[in-house]
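**Student:** Structure incoming, see below.
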Amino acid sequence: MPVVNRIADLSDEMTAWRRHLHSIPELGLECHQTAAFVAERLREFGVDAIHEGIAKTGIVAIIEGQGEGPTIGLRADMDALPITEETGVDYASTHPGKMHACGHDGHTAMLLGAAKYLAETRNFAGRVALIFQPAEEFGGGGEVMVQEGIMEQFNVSQVYAIHNSPGRDFGSFNTTRGPIMAAADTFHIHITGVGGHAARPHDCVDPVVAACSIVQALQSIVSRNRHPMQSLVISTTQIHTGTTDNVIPETAYINGTVRTFDKEVQAMVVRRMEEVVAGQAASFGLEARLEFEFGYPPTVNDAAKAGFAVEVAAEIAGAAAVDDAIMPVMGAEDFSYMLEARPGAYLMLGQGEGAGVHHPKYNFNDEIAPIGASFFARLVERAQPVAGA
Ligand SMILES: [Zn+2]
Ligand SMILES: [Zn+2]
């Protein structure tokens, strides 16, 4: 069975919702207009309860099925990025400097499509919790919703999410039965030496040479301390110091990102970064302080739930269009917090060629919405079948 027929009928509506949302992108936890639009649609569909204002602008809506059963959670993110849009489409952003460049407008429309179908048909037992979260890109809206207790309050037993994926085959589902996205941590290194005349280095303690040496030494953690079969990225992305050619500056600042999948590797990196920074500072005779900031944890699919999601995806897209063992991605995702709280799975839905996410020319492909919405709908119907049906 390909796309659910009734959901194919909702295709134009989903496109209209998506394009409206595309024109009003909002950032972080401030998804006010977006959430209002979502709540309005959910009310029209006749869902059983709408809980607004979770994590400021997040929503959890409940649809009751037939008879007793568990609650399955389906999540869409709603936020946009601080990018100036360059798509040239006639429904482009009307909010200067903000843009739906990650397709969260499409994720929201897709989950609304599934919601409309599920509220109409109710061909499942138990309940569905539709989770619309703000602040996926930054601000950790998913974490805030979990901290505010949505999993306990709505008794969610398992959770699923889809992200569109440009560059992967149109309509293909891509996932894996374990870690799928990395933990993303940030490091800051503050170096303090002694400044002075650039012609008199012996009177100074130069933070520039020390900064360069620290950056080099950090790469030895990846090449010499990491198990060769484990994934690790350490990228230094900023060095700020100095003002002119004839002054040795007093301070330097180094900034960058660390990506890992495994808590032990992450702990090793923190320990080794502290040792490397302290050792390098001592060797140059200056002060250096490491500030390690933990970000989103790794996104880890539950093997059994991912296996189930793969079966449902194969029903919608055909087995040939499902890859259940993709190479994990070093990007991060705050659905990770929901997967830490409850078992579930995260899948990428290919949308064909086109600009990548976070690019000013990126656009969500509306033609994948019926596929994603059908996946959500069948996931619910198969996970929680009506008794005796
Ligand atoms: Zn993004
Ligand atoms: Zn995204």
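The values are calculated or read from the model by the stated rules, or taken from the named source; none is laboratory data. Only a predicted model underlies this, so the values are computations on that prediction, with no experimental measurement involved. We place every Cβ from the backbone using ideal geometry, glycine too, and count neighbours over all the protein chains shown. With ligands, DNA and RNA removed, areas are computed over all heavy atoms of the protein, side chains included. Shrake-Rupley method; radii C 1.70, N 1.55, O 1.52, S 1.80 Å.
**Student:** Which of (1) surrounded by fewer than 18 Cβ atoms within 10 Å (Cβ to Cβ); (2) assigned to a loop (DSSP other than H, G, I, E, B); (3) not hydroxyl-bearing (S, T, Y) does V47 not meet, given it meets every other one?
**Tutor:** That leaves (1) as the condition not met.
The rows are residues; the columns are (1) under 30 Å from P179 (Cα atoms); (2) surrounded by 13 or more Cβ atoms within 10 Å (Cβ to Cβ); (3) touching a residue at least 40 places away in the same chain (Cβ under 8 Å).
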{"position": "S223", "(1), (2), (3)": "yes, no, no"}
{"position": "T237", "(1), (2), (3)": "yes, no, no"}
{"position": "P249", "(1), (2), (3)": "no, yes, yes"}
{"position": "L286", "(1), (2), (3)": "no, yes, yes"}
{"position": "F294", "(1), (2), (3)": "yes, no, yes"}
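**Student:** Looking at F170, is it open to solvent by 10 Å² or more (accessible area, probe 1.4 Å) and within 16 Å of ligand 1 (Cβ to nearest atom)? Please lay out each step first, then the result.
**Tutor:** Numbers: open to solvent by 10 Å² or more (accessible area, probe 1.4 Å): yes; within 16 Å of ligand 1 (Cβ to nearest atom): no.
Judged against the criteria, F170 is not a match.
**Student:** Which residues, taken from the range 311-347, are farther than 23 Å from N155 by Cβ and surrounded by 21 or more Cβ atoms within 10 Å (Cβ to Cβ)?
**Tutor:** A313, I316, A317, E333, L347
**Student:** For the structure I just gave you, tell me whether L21 is part of a helix (DSSP H, G or I) and touching a strand residue (DSSP E or B) at 6+ places or on another chain (Cβ under 7 Å).
**Tutor:** For L21, the condition - part of a helix (DSSP H, G or I) and touching a strand residue (DSSP E or B) at 6+ places or on another chain (Cβ under 7 Å) - is not met.
**Student:** Right, P343: over 14 Å from the mean Cα position of the chain (by Cα) and either in the same structural domain as A76 (by TED's automatic domain parsing) or among the hydroxyl-bearing types (S, T, Y) (or both) or not?
**Tutor:** Details: over 14 Å from the mean Cα position of the chain (by Cα): yes; either in the same structural domain as A76 (by TED's automatic domain parsing) or among the hydroxyl-bearing types (S, T, Y) (or both): yes.
Yes; evaluated as a whole, the condition is true for this residue.
**Student:** Answer yes or no as to whether I254 is over 22 Å from M181 (Cβ atoms) and under 28 Å from the mean Cα position of the chain (by Cα).
**Tutor:** Values: over 22 Å from M181 (Cβ atoms): yes; under 28 Å from the mean Cα position of the chain (by Cα): yes.
So I254 fits the description; yes.
**Student:** Still on this structure, please answer the following. Residue check: is D105 more than 16 Å from ligand 1 (Cβ to nearest atom) and more than 30 Å from Y253 (Cα to Cα)?
**Tutor:** Details: more than 16 Å from ligand 1 (Cβ to nearest atom): no; more than 30 Å from Y253 (Cα to Cα): yes.
In short, no.
**Student:** Follow-up. Return the only residue of S213, S220, S157 being within 22 Å of the chain's Cα centre (by Cα) and of a type in the set (S, T, N, Q).
**Tutor:** Of S213, S220, S157, the one residue that is within 22 Å of the chain's Cα centre (by Cα) and of a type in the set (S, T, N, Q) is S157.
**Student:** Could we say that A36 is away from ligand 2 (no atom under 16 Å from the Cβ) and either of a type in the set (K, R) or free of Cβ contacts under 8 Å to residues at least 12 places away in the same chain (or both) here?
**Tutor:** Details: away from ligand 2 (no atom under 16 Å from the Cβ): yes; either of a type in the set (K, R) or free of Cβ contacts under 8 Å to residues at least 12 places away in the same chain (or both): yes.
Yes, satisfied.
**Student:** So, in the range 138-183, exactly how many residues are within 28 Å of D323 (Cβ to Cβ), out of contact with any His (no Cβ under 8 Å at 6 or more places or on another chain) and not hydrophobic (A, V, I, L, M, F, W, C)?
**Tutor:** 17
**Student:** Select the strands (runs of 3 or more DSSP E) contained entirely in the range 58-154, then report the ones holding at least 3 residues which are buried (at least 24 other Cβ atoms within 10 Å of the Cβ) and within 16 Å of ligand 2 (Cβ to nearest atom).
**Tutor:** Details: elements: 58-64, 71-77, 127-133.
Answer list for the range 58-154: 71-77, 127-133.
**Student:** Which residues, taken from the range 177-189, are surrounded by fewer than 23 Cβ atoms within 10 Å (Cβ to Cβ) and away from ligand 1 (no atom under 16 Å from the Cβ)? Can you show your working first?
**Tutor:** As a first pass, look at the range 177-189 and keep what is surrounded by fewer than 23 Cβ atoms within 10 Å (Cβ to Cβ): 177-179, 184-188.
Across the range 177-189, the qualifying residues are R177, G178, P179, D185, T186, F187, H188.
**Student:** Right, here's the next one. Return yes or no: is V60 at pLDDT 95 or above and under 22 Å from A135 (Cβ atoms)? Don't jump to the end; show me each part of the working.
**Tutor:** Working: at pLDDT 95 or above: yes; under 22 Å from A135 (Cβ atoms): yes.
Here the answer is yes, as V60 does meet what is asked.
**Student:** When R200 is evaluated against the numbered criteria (1) out of contact with any Lys or Arg (no Cβ under 6 Å at 6 or more places or on another chain); (2) touching a residue at least 24 places away in the same chain (Cβ under 8 Å), which criterion, by number, is the only one it fails?
**Tutor:** With respect to (1) out of contact with any Lys or Arg (no Cβ under 6 Å at 6 or more places or on another chain); (2) touching a residue at least 24 places away in the same chain (Cβ under 8 Å), R200 is out only on (2).
**Student:** Answer yes or no as to whether C204 is open to solvent by less than 30 Å² (accessible area, probe 1.4 Å) and away from ligand 1 (no atom under 16 Å from the Cβ). Lay out the reasoning, then the answer.
**Tutor:** On the way: open to solvent by less than 30 Å² (accessible area, probe 1.4 Å): yes; away from ligand 1 (no atom under 16 Å from the Cβ): yes.
Answer is yes for this residue.
**Student:** On to the next question. Just name the residue that is surrounded by the most Cβ atoms within 10 Å (Cβ to Cβ) out of those in the range 259-284 that are among the acidic types (D, E) and more than 30 Å from P201 (Cα to Cα). Walk me through it before giving the result.
**Tutor:** Within the range 259-284, the first condition is being among the acidic types (D, E), and the residues that meet it are 262, 264, 274-275.
Retained after the next criterion (residues that are more than 30 Å from P201 (Cα to Cα)): 262, 264.
On the way: D262: 17, E264: 10.
Result: D262.
**Student:** If you don't mind, another one. Being modelled with pLDDT of 95 or more, within 16 Å of ligand 1 (Cβ to nearest atom) and under 20 Å from the mean Cα position of the chain (by Cα) narrows it down to one of L81, L74, so name that one.
**Tutor:** When all the criteria are applied, what remains is L81.
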